[in-house]
Amino acid sequence: MHFSHVLFPFDDSPRCLQTELFVKHLIDTTGARLTLLNVIGNPNAQYPSNFAFLIPPKDTEKMLASSEN
């Protein structure tokens, strides 16, 4: 099977940590492009309720620009 692009959603769970080596092997053997997606299941469960989970617009622009390499 040939892959040209692999999307790997990563949530820092034990399952993802175990899958990491498989994904690396898949990328190395097929030459596919890799996109990592950092997933947070429920931000309110990981951050205090008084914490605003927002990315300032200027940082969003920077993140988008650096991801298009």
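Placing a pseudo-label 7 Å from each Cα along the Cα-to-Cβ vector at L26 and H5 gives an inter-label distance of 1.5 nm.
Under 5 Å from the amide H of V6 lie the amide H atoms of R33, L34, T35, each residue being 5 or more positions distant or on a separate chain, with H modelled from the backbone and absent for Pro and chain starts. Among residues other than F10 with Cβ under 13 Å from its Cβ, the summed charge is -1 (Lys and Arg +1, Asp and Glu -1).
Laboratory data are not the source of any read-out in this text; all were calculated from the coordinates shown. Fair warning: this is a prediction, and the values are worked out from it, not measured in the lab. Positions of Cβ are backbone-derived with ideal geometry, glycine not excepted, and every protein chain shown enters the neighbour counts.
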